[in-house]
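Bear in mind that the values in this text are calculations on the coordinates, not laboratory data. Model, not experiment: these values are computed from the prediction. Virtual Cβ from ideal backbone geometry, glycine too; neighbours counted across all protein chains shown.
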Amino acid sequence: MEPIPQPQASGGCLRRVIMLAGALALVVVGFLVYQHIQDSESCVVGVTGTHALIQVTGAGAGGSCDQMVNGSNYEYHYSGSITEGPVCEYSFNGLRFDVYDQGITNSEGNALCKVLAQDELPIQTTPPQFWE
């Protein structure tokens with residue numbers, strides 16, 4: 001009696017599984033890179049006539065900075081370097097807000113912190129108070 005021939009496993013099935021796993025890995029890596037880029041998005045808004053700055057970090061940071069600048073006659077996009085330590089730090093709506101100021105009282109920075117503490121964007125609609 002002759003043995004019954006067993007079907008030979010073809011490499012086609014294994015190749016498809018490997019290709020599918022590779023494609024899935026590329027999608028996952030691409031998503032993670034995209035998330036990292038979005039999470040590290042950052043912009044800075046300055047307040048006219050003061051040293052106060054608001055740095056916004058996270059996905060959609062640019063939109064929040066634009067909203068502050070476009071809603072105010074006293075805020076502008078700032079592109080310089082930040083040399084002071086933060087006066088306060090708040091997080092809401094998936095974004096991180098760091099407020100910087102210099103001077104003895106940090107009056108404008110503290111005013112911005114009070115607004116952020118209420119989970120609101122600090123849109124400057126009145127002229128800043130010049131205490132310093």
Arrange the following residues from fewest to most other Cβ atoms within 10 Å of their Cβ: THR50, THR125. THR125, THR50
At R0 = 30 Å the Cβ-Cβ FRET efficiency linking GLN67 and THR105, nearest 0.05, sits at 0.65
In whole Hz, the Karplus estimates of ³J(HN,Hα) for the range 57-74 (6.51, -1.76, 1.60; θ = phi - 60°; x where Gly or Pro) are 10, x, 4, x, 4, x, x, 5, 5, 4, 4, 5, 5, 6, x, 9, 9, 10
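Arranged by the count of other C-beta atoms within 10 angstrom, fewest first, what order do TYR90, TYR76 take?
Details: TYR90 18, TYR76 15.
The fewest-first ordering by Cβ neighbours comes to TYR76, TYR90.
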For the range 42-116, what's the radius of gyration and Dmax over Cα atoms, in angstrom? 11.2, 33
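What FRET efficiency, computed as 1/(1 + (r/R0)^6) with R0 = 41 Å and r the Cβ-Cβ distance, is obtained for ASN93 and LEU20, rounded to the nearest 0.05? Spell out each step's value before the answer.
On the way: r = 37 Å, r/R0 = 0.91.
Efficiency computed from Cβ-Cβ geometry: 0.65.
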Once both label points are put 7 Å beyond Cα along the C-beta direction, the ILE123-SER81 separation in nm becomes 3.4 nm
Give me VAL115, VAL44 sorted ascending by neighbouring Cβ count inside 10 Å, so fewest comes first. VAL115, VAL44
